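Quick notes on the structure that follows.
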Amino acid sequence: MDIDLITPAMGALLTLVLLPLLAPVARHFGHVDAPDGVRKLHEGEIPLTGGIALFVAMSLGYLLNAPVPQEGVVFVAVCAVMVLLGALDDRLDLRPSTRLLTELAIAGAIVGFAGLSVTTVGDLFAVGPLDLGTFGPVFTILAVAAAVNAMNMLDGIDGQAACIAWVAIVAVVASAVLLGGAPDPAALALLGGLPIFLAFNLVRVGRRLPKTFLGDSGAKLLGLVLAWELIGSAQGSAAWLDPVTVLWFAAIPLFDTLFVMSYRMLHRRSPLSGDRNHIHHLLLDLGLSGRATLALVTSLAALLAAAGIGLELLRAPEGFRFAALCAVFLCHGAASVALVHARRRRTARLFEVQKNSTLGRGRDTGEFARLPRTRSGDVERAAG
């Protein structure tokens, strides 16, 4: 099928215009991300306007594609509320429970008023299609909230959430071209807008482009849009993909979220607590640079999305595709656990080196600094 090229071009142009315009406004009102020397190690105060610019570009790209269906208007309105929630979180650092309840309410609105619903998960277990029936709306609400949080948790290094989202959107559009589907205007607008944002996000401070972050508003927006696009492409009469295929498109956010939450609960911590066990943290702690980590994670996402499209084109049994995805997840989990243990050993060695260095200086000067007493588990907490 022919793909509309005007909407991606419009998304790119609007993003290009809006990002430089919004940067000084954000600085004036203090809507910036300042370094803290611990978690935020960037240089200078960076405007948190990437999500706002992408929302405006996506909304105009969507609404200018007349005629706009009622569910499209609802979708744009719900996205506006999600962007507002993210902006408030950027400024006020909302409590996790407040964020989650609001996200569930937003997901409920998009299900109730826009008709988004997962009605079947397909033939995942080779026993026939599994229809969700009355549980479908509840499952959809949970899936949308999970997608929003998964993308937000991936926004830990420059460009990562935007790259992962762009890979998934490219996969949706490419599969529509190959299989005769009709991609949503929101996907087409972000297809053009996200590369422009990445140009602003990945430059160094002081260059001609004002460096910009997505902010929580942008990461949450991308999660909501991905949920809308992936569910829409695999559910309903206009679907062109099997439900299992879209899991391949979102494999990295899915794997990362399942791993970190499972790891936290196994260690008797809240699944919503913070740690350094996300895929990008583990690769950074292994010694990779931020750009190398971004390139590796994005390449893995693209490879898995391409595999999903290939298996769809080959019409491989859905049960086989799901089993293969589960096998990849187990490999991801095993690799992540290995990296966590490697970091723990490395942290223990660094502590030992620091202790020996302190004792060595004491022998030279006659003054011994008091070393902190450690308890079992201190090294694990320091490492993760």
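Table for the structure above
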| item | result |
| --- | --- |
| Unique match (being of a type in the set (K, R), touching a helix residue (DSSP H, G or I) at 6+ places or on another chain (Cβ under 8 Å) and either surrounded by fewer than 19 Cβ atoms within 10 Å (Cβ to Cβ) or within 21 Å of A161 (Cβ to Cβ) (or both)) among R99, R91 | R99 |
| Residue that is modelled with the lowest pLDDT [pool: residues in segment 1-30 that are in contact with a helix residue (DSSP H, G or I) (Cβ under 7 Å, 6 or more places away or on another chain) and assigned to a loop (DSSP other than H, G, I, E, B)] | M1 |
| Output for segment 270-308, where each listed residue is basic (K, R) and either part of a helix (DSSP H, G or I) or buried (at least 18 other Cβ atoms within 10 Å of the Cβ) (or both) | R291 |
| Output for segment 313-327, where each listed residue is of a type in the set (A, V, I, L, M, F, W, C), surrounded by 15 or more Cβ atoms within 10 Å (Cβ to Cβ) and in contact with a helix residue (DSSP H, G or I) (Cβ under 7 Å, 6 or more places away or on another chain) | F322, L325 |
| Helices (runs of 4 or more DSSP H) lying entirely in segment 184-269 (those with 2 or more residues that are free of Cβ contacts under 8 Å to residues at least 40 places away in the same chain, of a type outside the set (D, E, K, R) and surrounded by fewer than 24 Cβ atoms within 10 Å (Cβ to Cβ)) | 185-201, 251-266 |
| Count of residues meeting criterion [over 22 Å from L64 (Cα atoms) and either surrounded by 19 or more Cβ atoms within 10 Å (Cβ to Cβ) or hydroxyl-bearing (S, T, Y) (or both)] in segment 160-183 | 10 |
| Residue within segment 52-63 that is out of contact with any Gly (no Cβ under 9 Å at 6 or more places or on another chain) and modelled with pLDDT of 90 or more present | yes |
| For P67: the one exception among (1) free of Cβ contacts under 8 Å to residues at least 12 places away in the same chain; (2) buried (at least 20 other Cβ atoms within 10 Å of the Cβ) | (2) |
| Which listed residue, of V118, V144, V111, V127, is in a loop (DSSP other than H, G, I, E, B) and surrounded by 15 or more Cβ atoms within 10 Å (Cβ to Cβ) | V118 |
| Counted residues, segment 104-144 - those being charged (D, E, K, R) and either within 13 Å of Q235 (Cα to Cα) or touching a Leu at 6+ places or on another chain (Cβ under 7 Å) (or both) | 1 |
| Tally, over segment 301-346, of residues that are within 11 Å of W248 (Cα to Cα) and not small (G, A, S) | 11 |
| Residue satisfying all of: in segment 56-67; under 29 Å from P20 (Cα atoms) and assigned to a loop (DSSP other than H, G, I, E, B); farthest from the chain's Cα centre (by Cα) among these | A66 |
| Count of residues meeting criterion [out of contact with any helix residue (DSSP H, G or I) (no Cβ under 6 Å at 6 or more places or on another chain), at pLDDT 50 or above and small (G, A, S)] in segment 345-381 | 3 |
| Among (1) among the hydrophobic types (A, V, I, L, M, F, W, C); (2) at pLDDT below 95; (3) surrounded by 15 or more Cβ atoms within 10 Å (Cβ to Cβ), the one test that A342 misses | (3) |
| Pair list, Cβ < 9 Å and 6+ apart or interchain, from segment 284-298 residues that are closer than 11 Å to I157 by Cα to residues that are exposed (fewer than 14 other Cβ atoms within 10 Å of the Cβ) | T293/L286 |
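The values are calculated or read from the model by the stated rules, or taken from the named source; none is laboratory data. Keep in mind that what you see is a predicted model, and the values were worked out from it rather than measured. Cβ sites come from the backbone with ideal geometry, for glycine too, and all protein chains shown count toward neighbours.
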